[in-house]
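Undergrad: Starting off with a structure, shown below.
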Amino acid sequence: MRKSHGRYRKSRHKLRRWRSTPPVTVTRYLQQFNEGDRVVIDIHPSVQEGRPHHRFNGRVGVVVGTQGRAYLVKIRDGDKEKVVISHPIHLRRLK
């Protein structure tokens, strides 16, 4: 039997919805960010559109632009800087 190597492989625990996970709200869905805002990538498991890779869940980054309705977030991954495309429901402001 051949093992599946899909995009969400080994992410069952990370993307599981906990009781403390807030439901999808219109406010969170329509939130807006400006360039230079610091955000946390917080993947909401029930929304598939614009979901970044689960490797970046919990990372802090800076908004550098938009692409359609999604935001471009620059994060540091080891020695490299990467740009992640994410829908606003998967982002929250850094407090």
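Undergrad: Please go through the stretch 14-30 and pick out each residue that is modelled with pLDDT of 80 or more and in a loop (DSSP other than H, G, I, E, B).
TA: 24, 25, 30
Undergrad: Being closer than 16 Å to residue 89 by Cβ, surrounded by fewer than 12 Cβ atoms within 10 Å (Cβ to Cβ) and either out of contact with any His (no Cβ under 7 Å at 6 or more places or on another chain) or modelled with pLDDT of 95 or more (or both) is the filter here; which residues of the stretch 31-67 pass it?
TA: Correct list: 32, 46, 48, 58, 67.
Undergrad: Within the stretch 24-72, which residues are among the basic types (Lys, Arg) and in contact with a helix residue (DSSP H, G or I) (Cβ under 9 Å, 6 or more places away or on another chain)?
TA: 28, 51, 69
Undergrad: Further, regarding this structure: Out of everything in the stretch 68-89 that is small (Gly, Ala, Ser) and in contact with a strand residue (DSSP E or B) (Cβ under 8 Å, 6 or more places away or on another chain), what residue ends up being surrounded by the fewest Cβ atoms within 10 Å (Cβ to Cβ)?
TA: It comes out as 70.
The values are calculated or read from the model by the stated rules, or taken from the named source; none is laboratory data. Keep in mind that what you see is a predicted model, and the values were worked out from it rather than measured. Neighbour counts run over all protein chains shown; Cβ positions are idealised from the backbone, glycine included.
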